[in-house]
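Below is one structure, written out as structure tokens; comments come after it.
Read-outs throughout are calculated quantities, based only on the coordinates presented, and are distinct from any laboratory measurement. On a predicted model such as this, the values are computed, not experimentally measured, just so you know. Cβ coordinates were reconstructed from backbone atoms using ideal geometry, including for glycine residues, and neighbour counts include every protein chain displayed.
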Amino acid sequence: MLRVLQIGLGPLGRMIVEYLHATGIGAVVSAVDSDPSIRGKHLGAIVPNAGPTPPKVVGSLAEVAGEAADVAVVTTSSSLQSCAPTFKDLLERGLPIVSTCEELLFPWLRHRELATELDALARRTGGRLVGTGVNPGFLMDTLPLVATAVCRDVRGVLVERIQDASTRRIPFQRKIGVGLTPDEFASKVAEGTLRHVGLGESLHFVAHYLGLRIDAWSESIEPIVTGIPLVSSLGQVLPGRAAGVRQVASGMREGREVIRMEFAAAIGQPNPHDRVRIDADPPIDLLLRGGVHGDKATTHITVNAIPAIMDAPGGLHTMATIRPVHAVPILRRDGTPEGSRPAMQGAIRG
């Protein structure tokens, strides 16, 4: 069982701690969070299914300097600049790192120098670093890329992620502007504090690995305004206020759109779905009806990526440079996978 250093114990971090214990892939031996209300508490008091010997939560990495860990999971911020000191500290220790930092999916877009620095540090120490999640990390970037495995002559990519945000965690609802007036929404967009982070990174990830050269790109953002009262985890959303956000990123080449990413998330959003359309030979049209639940999926892919990043060579990685990530079997107490069928296992072994 792997010894895991968990940094960040918001709703997502806590779900990851539970899933780590459920899979049996690892146990959290050190936990870090800056929230003074949980600092000093045993992790088991915060996350009921945290494992047999949960550690105390500490406020900084310096306080776990003597603790041994095999891998680190970082779930603190969308901003690479904000996460960089933590990443550097962990890479100096030679640790593999999986993070949900959205800008880390394809950091060369906005932070080329910092990405180069992190890569050089990781190669020197043998540390490994990858950014993942449901989006960015899978639905709007890795999935479209993998879908082209059966294609030739890829000419264009269209990806849609349309979500009903009613079941998403409170930080997500706050991040998409639920309950704000149009003026408040516009003010937060101008401040850079309201947007789905990672849409541009997904677009450039796809463009880079498919060789779809783009000479210009743009990103738009607007509120989805409700005309009826709605109920959210942040309280009632009155008519005329934002129920969520709509963003579109577009990549152009010689005046023609070759990549389009459409993201919409709102309370009560109708017809939620995830869709990938590839203009290629043969064409691909993948539709996931109802869409993929973001919080559950991010939890699972973060933990499921741990074996892949541990197998990777030292350096800064993307979801395209580590081995394919797949579900980790949840183990019974006797060490066998839940739901396994002996006959099928025998057939596979045979």
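Structure values in brief
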| quantity | calculated |
| --- | --- |
| Spatially proximal aspartates and glutamates relative to K41 (Cα-Cα < 20 Å; intrachain offsets below 8 disregarded) | E18, D33, E63, E67 |
| Contour excess over end-to-end distance, with Cα ends at T116 and A22 and 0.36 nm allotted per residue | 30.2 nm |
| Phi to ³J(HN,Hα) by Karplus 6.51 cos²θ - 1.76 cosθ + 1.60 over the range 44-61, Hz, x for Gly, Pro | x, 7, 9, 10, x, 9, 9, x, x, 10, x, x, 7, 7, 10, x, 7, 5 |
| Order of T321, T100 under a 10 Å beta carbon neighbour criterion, fewest first | T321, T100 |
| Karplus-derived HN-Hα couplings along the range 141-146 (A = 6.51, B = -1.76, C = 1.60, θ = phi - 60°), whole Hz, x at Gly and Pro | 9, 5, 4, x, 5, 5 |
| The range 126-180-the range 1-78 distance, computed between alpha-carbon centres (Å) | 25 |
| Protection-proxy order for peptides 282-290, 299-307, 256-264, 143-151, each taking the mean of Cβ atoms within 10 Å per residue, highest first | 299-307, 256-264, 143-151, 282-290 |
| Shape category assigned to the range 1-131 from the gyration tensor of Cα positions, a/c cut at 1.5 | prolate |
| Max mean-square fluctuation residue, GNM over the chain, Cα-Cα springs under 10 Å, options S77, S218, S30 | S218 |
| Helix-derived mean residue ellipticity, 222 nm - over the chain, DSSP H n ≥ 4, -39500 (n - 2.57), to 500 | -8500 deg cm²/dmol |
| Most mobile of A308, A186, A320 in a GNM of the chain (Cα contacts under 10 Å) | A186 |
| Residue with peak Gaussian network fluctuation, the chain [Cα springs, cutoff 10 Å], from G255, G126, G40 | G255 |
| Exposure proxy order (Cβ contacts within 10 Å, fewest to most) of R110, R323, R152 | R152, R323, R110 |
| Whole-Hz couplings from phi, Karplus 6.51/-1.76/1.60, listed for the range 99-107; x for Gly and Pro | 9, 8, 4, 4, 5, 6, 4, 9, x |
| Cα shape, the range 142-291, gyration tensor, a/c 1.5 rule | prolate |
